[in-house]
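The values are calculated or read from the model by the stated rules, or taken from the named source; none is laboratory data. Predicted model only: the values in this text are computed from it and were never measured. Cβ coordinates were reconstructed from backbone atoms using ideal geometry, including for glycine residues, and neighbour counts include every protein chain displayed. These area figures cover heavy atoms from the full protein model, side chains too; ligands, DNA and RNA do not enter into them. Shrake-Rupley method; radii C 1.70, N 1.55, O 1.52, S 1.80 Å.
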Amino acid sequence: MRNAKQRMPETLALQSNAERRRPPRILPRIHVETRKLTLRYGPHVAFRDITLPIRQGEITAIVGPSGCGKSSFLACLNRLTDLFTDCHVTGSATLVGEELVGTEIDLTSLRRRVGMIFQKPNPFPLTIRRNLELPLREHAVSDRHEVQSRMEEVLRAVGLWDEVHARLDTPALRLSGGQQQRLCIARALVLRPEVLLLDEPCSALDPISSGVVEDLIHRLRETYTLVIVTHNLAQARRIADHVALFWVKDGAGHLAEHSRCRDFFESPKCELTAAYVRGARG
Amino acid sequence: MRESRTDRLLELACWCSAFMVLAIAGWILFDVMGHGFRRVDLNFLLGSPIDAGRQGGIAPILVSTVLILGVCMTVAVPIGVGAAVALSEYGSEGRRATRLIRASLDVLAGIPSIVFGLFGNALFCRALGMGFSIASGGLTLACMALPLVIRSTEEGLRSVPVEYRHAAAALGMSRTSTLVHLLLPAATPGLLVGLVLGIGRALAETAALLFTSGYVSRWPTSIFDSGRTLSVHIYDLSMNVPGGDGNSHASALVLVALLIGINLTASLMANVWLRRRIRT
């Protein structure tokens, strides 16, 4: 091959170089994928038959009215559903091809790879430092320098370092709501996950903190695969690459539409999405 | 206008009730202090009782009291904390075993102390051959303090918001380390409250100890020796020893002072513990 290229006339070679410099048009690989995922609480079906591919390095926003199983869907992806009594999951959910549903996987390592941020900021009632140390120690990272450098790295990544580096040993609960939420994101990032699940991470925050956290989430894109549940359509439009609309049908949630962000808002496939985006429904 | 008068009357009535409580507490303290204060001195605290307790001090009785409390807490705290963790962390509400343990706790809490005394006498003194001893008394008191310790530890564990458990699980933390690093520290103030209640109940106990630790007032030589606690001493002096009233009041003063001291220390410890937990 190389010989062939060398023998090419100069003009042709230049042209092919120019072509090679163009960014590759490769679709991101599927990172997390669910197939016919169904979740029941006892007899009640929370959502049914959700088939949703989630691409690597993208932000997938899940929108829809309350009670259509968005948060429960997220909880399937890190098996937090194991904590809920009476909860039964069927179908398939895979993380890079590895099956998560109904298998005896190592939950500790799954949850290291798939981090989660909750609606209400929930730092532990410990110091800022201990909040970050505790998960590291749990995952056998105990080298002082390593702990210190990871701590600084994630606090910088969430833009907290300048605000808190002088008071790492003060209680995390003394931080403001927005700072607490960013600390929670840092706490998830300190384990170097691949996927971050965010369950309405901004809805308990004031508008300014919400904006800061939203910018942070947007920055995390590409380094991480993000799945964010949000009630804020404008937010989904600003940050998401793909949008999934969950809706309630026959008392259970289902996936009404899943498309690229621009298509979702400008040329939705189904009538429901159009009405939802217009504000006529939901 | 009329409404505001009703409001004021109700408020007045409530304040009257509140002052009544204050008055009762004040009266008791005043009475005990008034009768006992002049007799309590270093000789009283460090001396042995003379003439069946009419004269002399209470040193051996204080030592027996401390030993009995020690035995009681050494047994009650580990069992109590273990049971509380089992009930609130590992047991599910619907399970039969959980319900059974809860029901037996209610029974334990409701049993009159005299019955505990008889039980302790039958089990520890006779069946286990410990005789009338500090060990028998302490173990009997441990049975009595258990429900209090379990209840308050459980309350403490339950008061930990579910968000922390979710956060810990989402970070891949195991149940054990969630328990050790988050739940138990958070439950410690509750545990301390339970301890204080338990110690209070144990210190105040007379009936159960008459049957189990006996009321020999000399220095105990070991925990298998018989010993008399402060409450038993007070009872004996005022009921069985004519002319023992003076020292009985003095002992009562020491007992009340001990209880108040323990309460204050516990709330101080709870504060310090909370602060340290947040620092380190």
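Before moving on, here are some points about what is shown:
- Judged by the mean number of other Cβ atoms found within 10 Å, the most tightly packed of the peptides B:61-73, B:233-245 leads the ranking B:61-73, B:233-245.
- Projected-area average for segment B:31-279 over all orientations - Cα convex hull basis, square nanometres: 15.8
- Lys/Arg +1, Asp/Glu -1 at C-beta; segment B:134-280 dipole; positive extreme among B:Pro189, B:Thr206, B:Val241: B:Pro189
- Inter-chain Cβ neighbour average for residues B:158-167, partner chain, 10 Å: 4
- Cβ-derived FRET efficiency at R0 60 Å, A:Ser66 paired with B:Ile79, nearest 0.05: 0.85
- Summed over qualifying helices (DSSP H, 4 residues or more, each -39500 (n - 2.57)) and divided by its residue number, chain A shows a 222 nm mean residue ellipticity of -11000 deg cm²/dmol.
- Within the accessible area of segment B:31-279 (1.4 Å probe), percent carbon and sulfur: 68
- Annotation note: trypsin sites (Lys or Arg not before Pro) in segment B:1-75 located in DSSP loop regions with a Cβ neighbour count of at most 14 within 10 Å are B:Arg38.
- By accessible area with a 1.4 Å probe, ligands and nucleic acids excluded, highest first: order of B:Leu123, A:Leu155, B:Leu9, B:Leu192: B:Leu9, B:Leu123, B:Leu192, A:Leu155
- Counting only Cα atoms, segment A:220-268 measures 38, 23, 16 Å along its principal axes, largest extent leading.
- For B:Gln55, distant residues with modelled amide H under 5 Å away: B:Ile50
- 17 Å cut-off, amide nitrogen to a point 7 angstrom out along B:Leu128 Cα→Cβ, residues in segment B:143-159: B:143-147
- Modelled label positions at A:His165 and A:Arg278, each set 7 Å beyond Cα in the direction of Cβ, lie 5.3 nm from each other.
- Relative contact order, percent, chain A [alpha-carbon distance under 8 Å, six or more residues apart]: 24
- Sorted largest first, extent of segment B:1-122 alpha carbons per principal axis (Å): 59, 58, 25
- Over the protein assembly as shown, the hull volume per residue, using the convex hull of the C-alpha atoms, is 277 Å³.
- For chain A, the pair-distance distribution built from all alpha carbon pairs, in bins 5 Å wide starting at 0, is 1, 5, 11, 15, 16, 14, 12, 9, 6, 4, 3, 2, 1, 0, 0 percent.
- Averaged over peptide B:56-63, the number of partner chain Cβ atoms lying within 10 Å of each residue's Cβ comes to 0.
- Shielding by partners - mean other protein chain Cβ count within 10 Å, residues of A:111-120: 3
- Descending by average beta-carbon neighbour count within 10 Å, the peptides A:57-66, B:209-218, B:256-265 line up as B:209-218, A:57-66, B:256-265, the highest first.
- Once exposed loop trypsin sites (Lys or Arg not before Pro) are cut out (DSSP; at most 16 other Cβ, 10 Å), longest piece of chain A: A:30-268
- Amide H contacts for A:Met116 (H built 1.01 Å from N in the peptide plane; partners 5 or more residues away or on another chain; cut-off under 5 Å): A:Leu197.
- Relative contact order computed over segment B:31-279 (Cα-Cα under 8 Å; 6+ residues apart), in percent: 30
- Estimated from the Cβ-Cβ distance and a Förster radius of 22 angstrom, the FRET efficiency linking A:Gln56 and A:Glu146 is about 0.25.
- Size descriptor for segment A:161-262, Kirkwood hydrodynamic radius: 15.3 Å (Cα pairs only, one decimal).
- FRET efficiency for the A:Glu222 to B:Arg95 pair, using the beta carbon distance and R₀ = 41 Å, is estimated at 0.30.
- Charging the Cβ of each Asp and Glu at -1 and of each Lys and Arg at +1, and nothing else, the dipole of segment B:31-279 about its Cα centre rounds to 660 debye.
- Tail weight of P(r) past 20 Å, computed on alpha-carbon pairs of segment B:174-252, percent: 52
- With a 1.4 angstrom probe, the accessible area lost at the A-B interface totals about 2000 Å².
- 5 angstrom amide H check on A:Ala256, placed H, neighbours 5+ away: A:Leu245, A:Phe246, A:Trp247
- Vicinal HN-Hα couplings computed from phi for segment B:115-125 (Karplus, 6.51 cos²θ - 1.76 cosθ + 1.60; Hz; Gly/Pro x): 5, 4, x, 4, 4, x, 4, 5, 7, 6, 6
- Phi-derived couplings, Karplus 6.51 cos²θ - 1.76 cosθ + 1.60 at θ = phi - 60°, listed residue by residue for segment B:75-91: 8, 6, 5, x, 5, x, 5, x, 5, 5, 5, 4, 5, 8, 9, 9, x Hz, with x used for Gly and Pro.
- Whole-Hz couplings from phi, Karplus 6.51/-1.76/1.60, listed for segment A:104-115; x for Gly and Pro: 8, 8, 6, 5, 4, 6, 4, 6, 6, 7, 10, x
- Loop-located GluC sites (Glu not before Pro) in segment A:70-166 (DSSP state other than H, G, I, E, B) with a sparse environment of at most 16 neighbouring Cβ atoms within 10 Å: A:Glu104.
- Separation of alpha-carbon centers, segment B:100-143 and segment A:107-122, rounded to whole Å: 47
- Dividing the C-alpha radius of gyration of segment A:80-189 by 2.2 N^0.38 Å, with N its residue count, gives 1.22.
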